[in-house]
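The values are calculated or read from the model by the stated rules, or taken from the named source; none is laboratory data. Everything numeric in this text was worked out from a predicted model, so none of it was measured. Glycine also receives a Cβ, built like all others from the backbone with ideal geometry; neighbour counts cover every protein chain displayed. In case anyone asks, the SASA skips ligands and DNA or RNA and just uses the protein heavy atoms, side chains included. Shrake-Rupley method; radii C 1.70, N 1.55, O 1.52, S 1.80 Å.
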Amino acid sequence: MKIFGPKSLSAFFYFIFRSVSIVLLTFLIYMEFAFITDRFTVNNGRFNMKIPLSGSSIDGNYQSSDILTISLILIFGILLLYLLSNIFKALKQTVIFNKGIIKNLKLLTILNLIIGPVLYFLIQYPIMHHNKLGNIHNLILLVIFGMISLFLTYVFQKGFSVQSENDLTI
């Protein structure tokens, strides 16, 4: 199986990441709608929300800080998966060094190096009121992933410029 091009591994990953981002977005909308319209039960300070079509439910502390944290993390995850799907969509094309992949890699870098760490500290301190660096491994993974996407951005920019120069020469 090819890695790049219309019928390739890139096309498969595009489909997977886009599908998961749509499912998560649907879940986020349902969850927010359920909280707004009181379609959940509260028992002993914990909420229970039934998930339609799955036969399962979500349980959690019925506190605004927990609900806000869940929502923010879902939004971040949806954006991450959506950007990854856009990157793989660009890799489905016959010319892989294109402006679309560079734009999406830049956005992925910003998401992981700026928005992710800000979100981490926002959730840890003002929202959840933690006084220690819990789950620091998540922050480290975000920074590592951001550095890799930054590196890939420059590789694809260089590839795009070399390809453009080559096209002009011919």
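At a glance:
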item: Of all residues making up region 49-70, the number that are in contact with a helix residue (DSSP H, G or I) (Cβ under 8 Å, 6 or more places away or on another chain) and outside any loop (DSSP other than H, G, I, E, B); result: 9
item: Residue satisfying condition, being in contact with a Gly (Cβ under 8 Å, 6 or more places away or on another chain) and either touching a residue at least 24 places away in the same chain (Cβ under 8 Å) or surrounded by 16 or more Cβ atoms within 10 Å (Cβ to Cβ) (or both), within set Phe88, Phe97; result: Phe97
item: Conditions (1) assigned to a helix (DSSP H, G or I); (2) open to solvent by less than 60 Å² (accessible area, probe 1.4 Å); (3) more than 23 Å from Leu9 (Cβ to Cβ); number of the one not met by Ile73; result: (2)
item: Qualifying residue in region 70-90 (condition: more than 14 Å from the chain's Cα centre (by Cα), over 17 Å from Arg18 (Cβ atoms) and charged (D, E, K, R)); result: no
item: Looking only at region 127-149, and only at residues there that are assigned to a helix (DSSP H, G or I), over 20 Å from Ile101 (Cα atoms) and open to solvent by 80 Å² or more (accessible area, probe 1.4 Å), the one that is modelled with the lowest pLDDT; result: His137
item: Any chance Phe12 is open to solvent by 50 Å² or more (accessible area, probe 1.4 Å), modelled with pLDDT of 95 or more and more than 27 Å from Gln124 (Cα to Cα); result: yes
item: Region 153-170: number of residues that are farther than 22 Å from Leu80 by Cα, open to solvent by less than 90 Å² (accessible area, probe 1.4 Å) and not aliphatic (A, V, I, L, M); result: 6
item: Residue that is surrounded by the most Cβ atoms within 10 Å (Cβ to Cβ) [pool: residues in region 35-70 that are within 25 Å of Val143 (Cβ to Cβ) and among the hydroxyl-bearing types (Ser, Thr, Tyr)]; result: Thr69
item: Pick from region 17-34, criterion within 30 Å of Gln93 (Cα to Cα) and in contact (Cβ under 8 Å) with a residue 24 or more places away in the chain, ranking: least open to solvent (accessible area, probe 1.4 Å); result: Ser21
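Every residue, every condition in (1) aliphatic (A, V, I, L, M); (2) exposed (fewer than 15 other Cβ atoms within 10 Å of the Cβ), yes or no:
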{"site": "Lys92", "(1), (2)": "no, no"}
{"site": "Asn104", "(1), (2)": "no, no"}
{"site": "Val118", "(1), (2)": "yes, yes"}
{"site": "Phe151", "(1), (2)": "no, yes"}
